[in-house]
Amino acid sequence: MSLTEDAHALHDDLVRLRRQLHAEPEVGLHLPRTQERVLHALDGLPLEIATGASLSSVTAVLRSGKPGPTVLLRGDMDALPVSEKADVDYASTVPDRMHACGHDLHTSMLAGAAHLLSARREHLAGDVVFMFQPGEEGYDGAGHMLAEGVLEASGSRPVAAYGLHVSASGMPGGAFVTRKGPLMAASDVATVTVLGRGGHGSAPHASLDPIPAGCEMVSALQTFVARSFPAFDPVVVTVGSFHAGTAANVIPDDARFDLTVRSFSQENREKARDGVIRVCRGVAAAHGLEVDVDYREQYPVTVNDDVEAGFVADVVAETYGPERFTWQPQPATGSEDFSRVLDEIPGAFVFLGACPPDRDPSQAAYNHSPLAEFDDSVLGDGAALYSELALRRLARVEVAAC
């Protein structure tokens, strides 16, 4: 059978694993039950397996037995702190935990690829590293795995790295989408604390009220973004929480708000950081207040290598037909810690539509929603694409060497 036929022959096993993971979601860097299930899924395969020291990662190396380069395949494993509302019979059994971003599918697809490539070990022109990663959702799991040496797991740094992400809406089920260059935004966060002097609500002149200053900062930040960055290299600043005070007639000592910053170039990332700090300090000074801005960089821009993105497009077209591939015209404002890997290794990240067939992709609940649902029928497609990318990329190096 062909690789895609073998992948779909694994369908029942992949669905079983995916639904087990979905029912028992774990959040963050420490996913002991998830790790256990992954290790069980890989049991019996000719893999060199290592687990993480600072996180529940699994790194598995498949050696071809002959000299050659290495390709890395990555799947993230963690869930989100979301209470599931989707009406599925395998729904989360853990309160306030849900696989709302499809990482359970990624994990199952990568395990499927490990089976498919192990069965084709003699056809590999090099080695494959399977990177099962916790902590993508805000915990920088990729950074932790890089620090623990995942890029050196086979003994030689990979020549290419590939990652995949499913989408519950916005694109038809089974469609593959990517782009050359910047694919997803850099992500940074800041906590701004406006320091005033509390007092009675009836006598604001006797206090230093932090709330109007904080509100002015929020508005000023939007103006700063709109007037400081070009439309074709945008920056997004969103204040997601604002907290101050305890009663209507009490002026609090301080006000605090949290914001996220998204950008698509290192130049604008630095400019946004400096601007956020400058605007908040300037507004505070105008009100005679102090302000503390705790600005924290998270993930860099996810940048696809032009050649590797073109390679992905070719592989999808040859494997599934050109009608299942689309170039994404603009970067997405979401962020990904696979960007850490792509900062080190040329590669590509690709989206796969997993909208259930009975839903309108434009109306279906999106990733991170408590109502998000993903179609299991794409599991074989993802496992096959991972495998085709590794097989063909290693073969391309072999041909070039000849």
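When the alpha-carbon atoms of the chain are used, the pair Rg, Dmax equals 23.5, 84 angstrom. Computed from the alpha carbon atoms alone, the convex hull of the range 88-151 holds 116 Å³ per residue. Overall, the range 1-124 carries a charge dipole of about 400 debye about its Cα centre when +1 sits on the Cβ of Lys and Arg and -1 on the Cβ of Asp and Glu, all other atoms neutral. Is the range 32-162 rounded, prolate or oblate when judged by the Cα gyration tensor, a ≥ b ≥ c being the square roots of its eigenvalues, rounded requiring a/c under 1.5 and prolate requiring a/b larger than b/c? Prolate, because a/c is 1.5 or more and a/b exceeds b/c.
The sum of -39500 (n - 2.57) across all DSSP H runs of n ≥ 4, divided by the residue count of the chain, sets its helix-only mean residue ellipticity at 222 nm to -11000 deg cm²/dmol. Taking every alpha-carbon pair within the range 202-268, the share separated by more than 16 Å comes to 56 percent. Here the 3J(HN,Hα) profile of the range 363-375, calculated from phi with Karplus coefficients 6.51, -1.76 and 1.60 at θ = phi - 60°, is 10, 5, 4, 8, 3, 6, 7, x, 9, 4, 10, 10, 7 Hz, Gly and Pro shown as x. Across the options G112, V88, V128, the greatest Cα extent toward the positive end of the charge dipole of the range 86-151 (unit charges at beta carbon of Lys, Arg, Asp, Glu) belongs to V128. Expressed in Å, the radius of gyration and Dmax of the Cα atoms of the range 210-317 are 18.6, 65.
In the range 156-261 the Cα-Cα distances spread across 10 Å bins starting at 0 as 11, 27, 23, 18, 12, 7, 1 percent of all pairs. Converting phi to 3J(HN,Hα) with the Karplus coefficients 6.51, -1.76 and 1.60 and the offset θ = phi - 60°, the range 246-263 yields 10, 8, 5, 10, 10, 7, x, 6, 8, 9, 9, 9, 10, 9, 10, 10, 10, 8 Hz in sequence order, with x at every glycine or proline.
Over all alpha-carbon pairs in the range 257-398, figure out the percentage whose distance exceeds 22 Å. Across the range 257-398, Cα pairs with separations above 22 Å total 58 percent. Taking only the C-alpha atoms of the range 333-402, Rg followed by Dmax gives 16.5, 52 Å.
Computed about its Cα centre, the charge dipole of the range 150-228 is approximately 300 debye, with only Lys, Arg, Asp and Glu carrying charge at their Cβ.
Restricting the calculation to Cα atoms, the range 1-105 shows an Rg/Rh of 1.01 when the hydrodynamic-style radius is the Kirkwood one.
Readers should treat all values here as calculations from the given coordinates under stated rules, not as data from a laboratory. Small disclaimer: the values here were computed from a predicted structure and weren't measured. Counting neighbours? That spans all protein chains shown, and the Cβs are built from the backbone with ideal geometry, glycine included.
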